[in-house]
Protein chains: 2
Amino acid sequence: MNNLLEKPMLLHLETKSNSLGDLTFFENQVLPFFEVKRVFWLTAVPDRGKRGLHAHIKEKQVLVCLQGTVTVRLEALSREKLEYKLNTANKGLYVPEMHWLEVEFSANSILLVLCDQEFSEADYIRDKRAFEDDQRKY
Amino acid sequence: MNNLLEKPMLLHLETKSNSLGDLTFFENQVLPFFEVKRVFWLTAVPDRGKRGLHAHIKEKQVLVCLQGTVTVRLEALSREKLEYKLNTANKGLYVPEMHWLEVEFSANSILLVLCDQEFSEADYIRDKRAFEDDQRKY
């Protein structure tokens, strides 16, 4: 695997704007190694609510904040910690597999998540201590 | 082609709700004949702004209103006219190919569109008269 792909990165997504609003799109050409297999969206999260709190073994995701502000905190296997504020509908955050993810919402935020895998509970690491074991072995 | 698939239909998408908000998802199992190849979202559309105003030759779409209300008006090759109000993040509207589409936005609405094709300008019929020609030939 190309190690470059294992790092989170911010994507500037193309927006077509005119007097009738903004159209922003993601297609597989944006990240040629990424195929959208599942899409989910988070709405009605209370102010300061924290979602995520897991890592994925295989799944890669792209996060887009369509409204409001979310703060994304990532922890890599290398123990590197990264924090991103997403607050515009044309910024995507690519989150590779094996990153512990915490997303803190501001009120009325909407988060869109594009995934390169179908849902599989077996792909989730939900126990932080298990993830820390993986960090120690890394 | 199975004619059943050529009719628009409302999809009730699964939502996982708890005190931390609502997670609604779409994956290919929802519509087994549908693979997400492109995703786009419309934001900052003015109140009563109309988007769409085209038909697709091949592309099928699923529309989800993540916030606010959009009124979707469809016209089939058979000249049948259908109107849907989308105002909840767990309702998807499946729009098959060859339906003239008009979407009217209320203020602050956000529309998510899942597409089964990559973008291709050649797939658009943007001239209503050309679409009406297709209706006459149908």
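Only the coordinates and a few stated rules stand behind these numbers; no lab work does. Everything numeric here is computed off the predicted structure, so don't read it as measured data. Cβ sites come from the backbone with ideal geometry, for glycine too, and all protein chains shown count toward neighbours.
Things worth noting here:
- Per-region count, region A:66-95, residues farther than 25 Å from A:ASP22 by Cα, outside any strand (DSSP E or B) and touching a Phe, Trp or Tyr at 6+ places or on another chain (Cβ under 9 Å): 4
- Looking only at region A:96-114, residues that are of a type in the set (S, T, N, Q) and assigned to a strand (DSSP E or B) come to 0 in all.
- Subset of region A:34-44 [under 20 Å from A:ASP116 (Cβ atoms) and part of a strand (DSSP E or B)]: A:ARG38, A:VAL39, A:PHE40, A:TRP41, A:LEU42
- Cβ pairs under 6 Å, 6+ apart, first in region B:58-79 and within 14 Å of chain A (Cβ to nearest Cβ) and surrounded by fewer than 21 Cβ atoms within 10 Å (Cβ to Cβ), second β-branched (Val, Ile, Thr) and not in a loop (DSSP other than H, G, I, E, B): B:GLN67/B:ILE110
- Out of A:LEU11, A:LEU23, A:LEU63, A:LEU31, sole residue that is in a strand (DSSP E or B), over 30 Å from A:ASP133 (Cα atoms) and touching a Gly at 6+ places or on another chain (Cβ under 9 Å): A:LEU11
- Single residue of region B:103-124 satisfying the filter (within 22 Å of B:PHE34 (Cα to Cα) and acidic (Asp, Glu)) that is surrounded by the most Cβ atoms within 10 Å (Cβ to Cβ): B:ASP116
Okay, residues lined up against (1) free of Cβ contacts under 8 Å to residues at least 24 places away in the same chain; (2) within 7 Å of another protein chain (Cβ to nearest Cβ); (3) crowded, with 23+ Cβ neighbours inside 10 Å; (4) within 23 Å of B:ALA76 (Cβ to Cβ):
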{"position": "B:ASN18", "(1), (2), (3), (4)": "yes, no, no, no"}
{"position": "B:GLU27", "(1), (2), (3), (4)": "yes, yes, no, no"}
{"position": "B:PRO32", "(1), (2), (3), (4)": "yes, no, no, yes"}
{"position": "B:LYS37", "(1), (2), (3), (4)": "no, yes, no, no"}
{"position": "B:GLY52", "(1), (2), (3), (4)": "no, no, no, yes"}
{"position": "B:HIS56", "(1), (2), (3), (4)": "no, no, no, yes"}
